[in-house]
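The values are calculated or read from the model by the stated rules, or taken from the named source; none is laboratory data. Everything numeric in this text was worked out from a predicted model, so none of it was measured. A quick note on method: Cβ atoms are made from the backbone with ideal geometry, for glycine too, and the neighbour counts reach across all protein chains shown. Note: areas computed on protein heavy atoms with side chains; ligands, DNA, RNA excluded. Shrake-Rupley method; radii C 1.70, N 1.55, O 1.52, S 1.80 Å.
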Amino acid sequence: MSKAIEVKNLQVSFPTPNGYSAVVRGIDLTIKPGERIAIVGESGSGKTMLGLSMLGIQPSSAKVTGEVIIGDVDMVSANDATARKLRGNYISMVFQEPLTSLNPVRTISSQLSESVRRHNKMSKAEAEDRVLEILTSVGIPAPKERMKSYPHQLSGGLRQRVMIALALINKPALVVADEPTTALDATIQAQILDLLRSGMGDAALMLITHDLAVAADVCNRIVVMYAGNIVEQGPVAEILGNPRHPYTRGLLNAIPKFDKARPPLMPIPGSPPTITEVVSGCRFASRCSYADSQCTASEPKFVDNLACFHPVVGVSQ
Ligand SMILES: Nc1ncnc2c1ncn2[C@@H]1O[C@H](COP(=O)(O)OP(=O)(O)OP(=O)(O)O)[C@@H](O)[C@H]1O
Ligand code: SF4
Ligand SMILES: [Mg+2]
C-alpha cells in the first residue's frame, strides 16, 4: 500500500471516579510508507495505548475517539469484521513477550500458515511456501526444521523473530512493535534491532520504546510523548543534536554516557501527572526548570513539531 497512515486527533480515555480521563490526548501523526518512526517517552506516557488503539485492540473499558486512516478505512469507526481484516493485512503488532501472542499448543508453521490463509486465497502448500520464505527472511536458522517446532522449543530471540515473521507475513503497511527487545539479553537485543532496522521489507515501522538510544539506532524519525501528548518530533539527527523541548532534553541527559568527559546520568526529577490529576497549563511544568506563569496559565499547542512556550536553544550536552 503506497498511502500514508494517518492518525487524527486520536484520544483514548479510561473511566475514573470523576468521569473519563484521557491517557492519549488528541494525537495527530502521519506515517509515510516504509518510514521507521519511534515513539519514546517515560512509563505511562500513553505509548502502548496509542499503538493498541491504532489496531483497535485497546482494553474494552477504553473509549477511543478520533481517526486512524489506513487505506480508505477509519480503524476507529470500522466495524469488527473490517477491523479484523485490516489487522494483519495492513497493520500488525509485535509485543514485548511473544509467548503471550503465540499459541503454545500449535506449531510455528500451523500458526503462520493459518494467518496467511485467513487473509489470502492460497492452498496449504502455497501457504507453507510463504511461511518458509518469511521465516528465512527474518533470519531463522534451518527454517524448514523450525517450522515444526512449538513456541516453547525456541529461544526468546527466535520466538521474537517468529513474532516478527507473523507480523510481516501478510505484507502489512505498518508494523507496530511495542518494546520488542526489552525482555531479551543484550546480544540478542542487538540482532532483533538489526532486523527491525533493515528486515521489514516495504512495511513501515512504529517502534515503541522508552529508550531514546534504541529509537535513534533503528528509526529515521523520533516522536516524543509526554503524559498523553506528542511534545516534540523530528528526524533523529535533529532530536539528538538540537532537542528543543525541555522534556526531550531531559530524556537525552538520562541516557548513560560511556564517554567520561560527558556529564553523568541525569534522570528527570519528579513524575508525570497521574490519570486522575487535573493539571492546568503545560503538563510538564511541575518538572520543568524553564516553567513560568505562561506555562501554568495555558497548555502549549503543538506547532512546528513542538509543544512548548520556551523552546531550548543551543547544542545538546
Ligand atoms: N486498562 C486500563 N485502565 C485504566 N488505565 C489504564 C489502563 N491501561 C493503561 N492505563 C493507563 O494509561 C496510561 C498510559 O498507559 P500506557 O500503557 O499506554 O503507557 P506506556 O507509555 O506504554 O508505558 P510503559 O512504558 O510503562 O509501557 C497509564 O497512566 C496507565 O496507567
Ligand atoms: S511550556 Fe513551559 S513548562 Fe512546558 S515544557 Fe515548555 S518551558 Fe517547560
Ligand atoms: Mg507500554
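Couple of notes before you dig in:
- Residue count for the stretch 94-107, restricted to those that are closer than 20 Å to THR181 by Cα and of a type in the set (Val, Ile, Thr): 2.
- Output for the stretch 232-259, where each listed residue is open to solvent by 10 Å² or more (accessible area, probe 1.4 Å) and within 21 Å of GLU35 (Cα to Cα): GLN233, PRO235, VAL236, ALA237, GLU238, LEU240, GLY241
- Among the candidates ALA227, ALA183, ALA215, ALA177, the residue that is on the phi > 0 side of the Ramachandran plot and within 16 Å of ligand 1 (Cβ to nearest atom) is uniquely ALA227.
- Cβ separations smaller than 7 Å between residues 6+ apart or across chains give the following pairs from the stretch 285-303 residues that are without any contact (Cβ under 8 Å) to a residue 24 or more places away in the chain to residues that are surrounded by fewer than 14 Cβ atoms within 10 Å (Cβ to Cβ): SER286/GLY270; THR296/SER280.
- Scope the stretch 260-288; condition open to solvent by 60 Å² or more (accessible area, probe 1.4 Å) and at pLDDT 95 or above; matching residues: SER286
- Residues located in the stretch 148-177, provided they are open to solvent by 20 Å² or more (accessible area, probe 1.4 Å) and over 25 Å from the mean Cα position of the chain (by Cα): LYS148, TYR150, HIS152, GLN153
- Extreme residue, farthest from ligand 3 (Cβ to nearest atom), among residues of the stretch 166-191 that are outside any loop (DSSP other than H, G, I, E, B) and touching a strand residue (DSSP E or B) at 6+ places or on another chain (Cβ under 9 Å): LEU168
- Meets criteria (open to solvent by 20 Å² or more (accessible area, probe 1.4 Å) and either at pLDDT below 95 or aliphatic (A, V, I, L, M) (or both)) for THR187: yes
- Pair list, Cβ < 9 Å and 6+ apart or interchain, from the stretch 39-64 residues that are without any contact (Cβ under 8 Å) to a residue 60 or more places away in the chain to residues that are within 16 Å of ligand 2 (Cβ to nearest atom): MET49/GLY228
- Residue match in the stretch 28-40 (condition: within 14 Å of ligand 1 (Cβ to nearest atom), open to solvent by less than 60 Å² (accessible area, probe 1.4 Å) and in contact with a His (Cβ under 8 Å, 6 or more places away or on another chain)): yes
- Test: residue in the stretch 144-160 that is in contact with a strand residue (DSSP E or B) (Cβ under 8 Å, 6 or more places away or on another chain) and either in contact (Cβ under 8 Å) with a residue 24 or more places away in the chain or more than 18 Å from MET200 (Cα to Cα) (or both): yes
- Selection status of LYS144, farther than 20 Å from VAL218 by Cβ, part of a loop (DSSP other than H, G, I, E, B) and charged (D, E, K, R): no
- Residue within the stretch 61-78 that is open to solvent by less than 10 Å² (accessible area, probe 1.4 Å), more than 20 Å from CYS219 (Cβ to Cβ), at pLDDT 95 or above and within 16 Å of ligand 3 (Cβ to nearest atom) present: no
- Selection from the stretch 114-141 of residues that are crowded, with 20+ Cβ neighbours inside 10 Å, among the β-branched types (Val, Ile, Thr) and in a helix (DSSP H, G or I): VAL116, VAL131, ILE134
- Residues of the stretch 1-17 classified as in contact with an Asp or Glu (Cβ under 9 Å, 6 or more places away or on another chain) and at pLDDT 95 or above, total: 5
- Test: LEU193 is out of contact with any helix residue (DSSP H, G or I) (no Cβ under 7 Å at 6 or more places or on another chain), under 24 Å from LYS32 (Cβ atoms) and modelled with pLDDT of 95 or more: no
- LEU196 vs. criteria in a loop (DSSP other than H, G, I, E, B), more than 16 Å from ligand 2 (Cβ to nearest atom), within 29 Å of TYR90 (Cβ to Cβ) and open to solvent by less than 40 Å² (accessible area, probe 1.4 Å): no
- Screening GLU6 on (1) open to solvent by less than 60 Å² (accessible area, probe 1.4 Å); (2) under 22 Å from ALA81 (Cα atoms) shows it passes everything except condition (1).
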